[in-house]
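Peer 1: Just dropping this structure here.
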Amino acid sequence: MTQTSGDAWPSAVDVDVDVDVDAGADDGFCIDVLVERLDGDEEIAREVAQAFVESTQELLQQLDDAMSVGRHETVRLNAHSIKGAAANIGADALAETAA
């Protein structure tokens, strides 16, 4: 999307990033993938998922702030950070969206 001076960016903060770690792959996040990546440790997987949610909320706020003032490089960097973090935990749908 190309922004002109009169266009408003959509708010990134309005995105609900509350993660149900018991969700299946049909919901865009599969805890089983993360558990497998963590050698079967479900407790650590839940902690990692929660840390991801918290850090993503912060990144989304920064993304929203950057979009509101047209800081395109910051928008690109934060979207890339979200993409990488999402891919690392197995949230493939979010990683694709952030790409």
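Peer 1: Count, please, the residues in region 62-82 that happen to be touching a residue at least 60 places away in the same chain (Cβ under 8 Å) and in a helix (DSSP H, G or I).
Peer 2: Final tally of qualifying residues: 0.
Peer 1: Something else now. Suppose we keep only residues that are modelled with pLDDT of 90 or more and of a type in the set (S, T, N, Q) within region 56-99. Which one would you say is farthest from ALA45 (Cα to Cα)?
Peer 2: Ranking the candidates gives SER68 first.
Peer 1: Restricting to region 24-40, and then to whatever is in a loop (DSSP other than H, G, I, E, B) and surrounded by 14 or more Cβ atoms within 10 Å (Cβ to Cβ), can you tell me which residue is modelled with the lowest pLDDT?
Peer 2: Only one residue fits best here, namely GLY28.
Peer 1: For region 68-82, enumerate the residues that are under 16 Å from the mean Cα position of the chain (by Cα) and either within 17 Å of CYS30 (Cβ to Cβ) or of a type in the set (A, V, I, L, M) (or both).
Peer 2: Listed by number, the residues that qualify are VAL75, LEU77, ALA79, ILE82.
The values are calculated or read from the model by the stated rules, or taken from the named source; none is laboratory data. Everything numeric here is computed off the predicted structure, so don't read it as measured data. Backbone-built Cβ (ideal geometry, glycine too); neighbour counts: all protein chains shown.
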